[in-house]
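Data block below; observations after.
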Amino acid sequence: MTTISVEKSRVVRSGRRFMSGDIACAEGALAVGCRFFAGYPITPATEIAEHMARRLPEIGGVYIQMEDEIASMAAVIGASYVGVKAMTATSGPGFSLMMENIGLALMTETPCVIVNVMRGGPSTGQPTMPGQQDVMQARWGSHGDYEIIALAPSSVQEMFDLTVEAFNLAETYRVPVFVLADEIVGHMWERVTIPETESIKIVNRKKPRVPPSNEFAPFKPDQDLVPPMAVFGDGYRFHATGLTHDERGYPRTESAEAQTRLVQRLCNKIRKNVEKIIRVENIMLEDAEVAVVAYGIAARAALSAVRKARATGIKAGLLRPVTLWPFPEEQVAQVARRVKAIVVPEMNCGQIVREVERAAKETSVIFLSKLGEEPHKPDEILDAIRGVEK
Amino acid sequence: MEELPHPYEKFLRKDRIPHIWCEGCGNGIILNCFARALDELSVDLNKVVVVSGIGCIGRVSGYTNTDSFHTTHGRPIAFATGVKLANPELKVVVISGDGDLFAIGGNHFIHAARRNLDIPVICANNFIYGMTGGQSGSTTPLDTWTTTTPYGNIEQAFNLVHLAAACGAVYAARWTTLHTCWLTESIKKALQKEGFSFIEVVSQCPEIFGRYNKMETSLKMMQWFKDASEVQHFSDPAKAEITPHHIVVGEFVDIEKPSYGRLLREMKARVVEKK
């Protein structure tokens, strides 16, 4: 790639800064090495694109506004195949259009990051209002069977941190990784501490350890089930396809064995690494009798509610999944065995609550739905906690 | 007897041959002309990326001995955009079909042409959806029979070279699979051109299109190409018709205009200098 050398200081804007979640997300991407952004304007994610359009040319990267989100996702995959860390950012309607090529990224094991700053749906819905309505779409939105990774930031700081982490996970497992933010986290301005360049953890994909040859197998996995990734232009002359393929990358459209082998590996490379991937935040859960499970913006009100409950002598705690997919089933199950009930506030009609119910088994689960402009108020969650204690 | 190697063997993945195309299909001719163009230009195959979409010709990327990617339906140009911009040193070529590039992928074509993205696009136009068994598409001529136009096609067809010219392509040509020398020369030109170039190859599908439209052999289809074709270089692409009696072929556009790649490079240099 024709890169223009610049001082590292210009890439990572280390120090304490005041910025919006969308801008923090873009800065996180740049800090971890993202040098390609393809997108399409959409509220409330546009600011990520705008910031990338300004910043990427300064540091030798490429920003392009594509004709739609289908094309954006395709271009991201293309850039990733020449070894460049690439991303896009969107919201619900664009996320729907991206689903086709998110499937292609899964099938061709393309490291990339897709940020969805969630707004109210379905369809055009409420563009400027927050929502958490796309979490099941993130899990199941593209056709076929697969496993996916999705992270849910609940602060501007996490928009930076989790974008960094999303790229590292994408590079580690050769998968598209989602950052599932929401309109409030995206548009909110908060203080962010951006680390020094040297202290930012950067993971780069594994490269082939064999020289180019006629026998090169671009999809032959290592022990960890992840194949090293060759780069277009490096002489490997390899093939990739959205069709079911063998380790050479060649289509195997009629072999049950090839289909089973490939699809199971695509699932297993995530399933067998859930312990390494999943991150949750446990707050005051040790002795809790009531637990709240909340993510994204809803977790902010939930934390406030838990503190208020504690102040009145109710033993409440918060389990905040930072990783939404794969879902922290085991972590929820452990908490469920110890508490009387679990309260789940979500800005949708009930999505992650289904996962919580599945993990909680006999423990009762109370769902607090919220749609529209305002997120949950701490007192609404507090009332539900109090209801359990009565 | 000693087996002679095929002259363009090095351009093919031998372990992928035989190909899946029907006997008499025009795709092999297009692939052959592409290989010949690469050969005559002595292009470094390590720096070529062939991108295709879905459909019969979509399988071509699996046969070329270069880096290659077989995208989702309609998206090869969008994918190629990412490859080309992330590594401008690569020669990125899109080879796909009329349904892939102009029906489901039409939006990507018109915008890549408008941007003047530095890629050649070669379209095999067989007037029909072959892989799915013969449905009509955006290039199916009026009155022809397909499995989804059992009473004759009542939709107007795209004029692809006119479309390319209108969208800003710096090079646009149309040939049939009979015009192999012209086609090879056009591919060579497109590979060297700065900006977006487009080549339409009118190609025979004797198994389906031909069979249902009274041209059931490759020979009969190519006889049509021979009898109907007329070379009209730099004539008005709007008038470049394809009818049962007249197929206008030739080069229609060959102009110079700064490409997206050049403008991007210049913009980046300006930005870095300013900082």
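The values are calculated or read from the model by the stated rules, or taken from the named source; none is laboratory data. All of these numbers come straight from a predicted model, not from anything done at the bench. Here the Cβ positions follow ideal geometry from the backbone for every residue, glycine too, while neighbour counts run over all protein chains shown.
A few points about this structure:
- Selected residue (criterion: nearest to B:A124 (Cα to Cα)) from residues of the range B:142-174 that are of a type outside the set (V, I, T) and in a helix (DSSP H, G or I): B:L160
- Selection status of B:L38, in contact (Cβ under 8 Å) with a residue 60 or more places away in the chain, within 20 Å of B:T184 (Cβ to Cβ) and not polar (S, T, N, Q): yes
- Taking the range B:194-223 as the range and being part of a loop (DSSP other than H, G, I, E, B) and in contact (Cβ under 8 Å) with a residue 12 or more places away in the chain as the test, the residues that pass are B:E194, B:G195, B:F196, B:S203, B:Q204, B:C205, B:N213, B:T217.
- Filter pass, A:A302 being in a helix (DSSP H, G or I), within 19 Å of A:N348 (Cβ to Cβ) and touching a strand residue (DSSP E or B) at 6+ places or on another chain (Cβ under 6 Å): yes
- Residue check, A:G249 modelled with pLDDT of 95 or more, farther than 30 Å from A:L106 by Cα and small (G, A, S): no
- The range B:21-52, residues that are assigned to a loop (DSSP other than H, G, I, E, B) and surrounded by fewer than 18 Cβ atoms within 10 Å (Cβ to Cβ): B:C22, B:E23, B:L41, B:S42, B:D44
- Taking the criterion of being assigned to a loop (DSSP other than H, G, I, E, B), surrounded by fewer than 20 Cβ atoms within 10 Å (Cβ to Cβ) and within 19 Å of the chain's Cα centre (by Cα), the residues of the range A:272-299 that qualify are A:K272, A:N273, A:I278, A:R279.
- Selection count where residues are more than 19 Å from the chain's Cα centre (by Cα), acidic (D, E) and part of a helix (DSSP H, G or I), scope the range A:323-371: 2
- Of all residues in the range B:153-162, at least one satisfies being more than 14 Å from B:V202 (Cα to Cα) and within 15 Å of the chain's Cα centre (by Cα).
- Any hit, the range A:210-225, residues being surrounded by 12 or more Cβ atoms within 10 Å (Cβ to Cβ) and in a helix (DSSP H, G or I): no
- The set of residues from the range B:61-104 being more than 9 Å from every other protein chain (Cβ to nearest Cβ) and either assigned to a loop (DSSP other than H, G, I, E, B) or under 26 Å from B:A157 (Cα atoms) (or both) comprises B:V93, B:V94, B:I95, B:S96, B:G97, B:D98, B:G99, B:D100, B:L101, B:F102, B:A103, B:I104.
- Counting only strands (runs of 3 or more DSSP E) that fall entirely inside the range A:1-90 and contain at least 2 residues that are at the interface with chain B (Cβ under 10 Å from one of its Cβ atoms) and either surrounded by fewer than 24 Cβ atoms within 10 Å (Cβ to Cβ) or not acidic (D, E) (or both), the qualifying elements are A:36-39, A:62-65.
Rundown of residues vs (1) hydrophobic (A, V, I, L, M, F, W, C); (2) within 14 Å of another protein chain (Cβ to nearest Cβ), yes/no style:
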{"site": "B:E9", "(1), (2)": "no, yes"}
{"site": "B:K14", "(1), (2)": "no, yes"}
{"site": "B:I20", "(1), (2)": "yes, yes"}
{"site": "B:G24", "(1), (2)": "no, no"}
{"site": "B:N32", "(1), (2)": "no, no"}
{"site": "B:A37", "(1), (2)": "yes, no"}
{"site": "B:E40", "(1), (2)": "no, no"}
{"site": "B:V43", "(1), (2)": "yes, yes"}
{"site": "B:N46", "(1), (2)": "no, yes"}
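- Residues satisfying the stated conditions in the range B:106-116, i.e. surrounded by 24 or more Cβ atoms within 10 Å (Cβ to Cβ) and either in contact with a Cys (Cβ under 8 Å, 6 or more places away or on another chain) or assigned to a loop (DSSP other than H, G, I, E, B) (or both): B:F109, B:A113
Residue-by-condition table, conditions (1) over 23 Å from A:R300 (Cα atoms); (2) in contact with a Cys (Cβ under 6 Å, 6 or more places away or on another chain); (3) within 14 Å of another protein chain (Cβ to nearest Cβ); (4) buried (at least 24 other Cβ atoms within 10 Å of the Cβ):
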{"position": "A:M99", "(1), (2), (3), (4)": "yes, no, yes, no"}
{"position": "A:G103", "(1), (2), (3), (4)": "yes, no, yes, no"}
{"position": "A:M118", "(1), (2), (3), (4)": "no, no, no, yes"}
{"position": "A:T128", "(1), (2), (3), (4)": "no, no, no, no"}
{"position": "A:Q133", "(1), (2), (3), (4)": "no, no, no, no"}
{"position": "A:L151", "(1), (2), (3), (4)": "no, no, no, yes"}
{"position": "A:E158", "(1), (2), (3), (4)": "no, no, no, yes"}
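- Selection count, the range B:120-138, where residues are outside any strand (DSSP E or B) and touching a Gly at 6+ places or on another chain (Cβ under 8 Å): 7
- Criterion (within 30 Å of B:V60 (Cβ to Cβ), touching a residue at least 12 places away in the same chain (Cβ under 8 Å), part of a helix (DSSP H, G or I) and in contact with a helix residue (DSSP H, G or I) (Cβ under 7 Å, 6 or more places away or on another chain)) met by exactly one of A:L262, A:L266: A:L266
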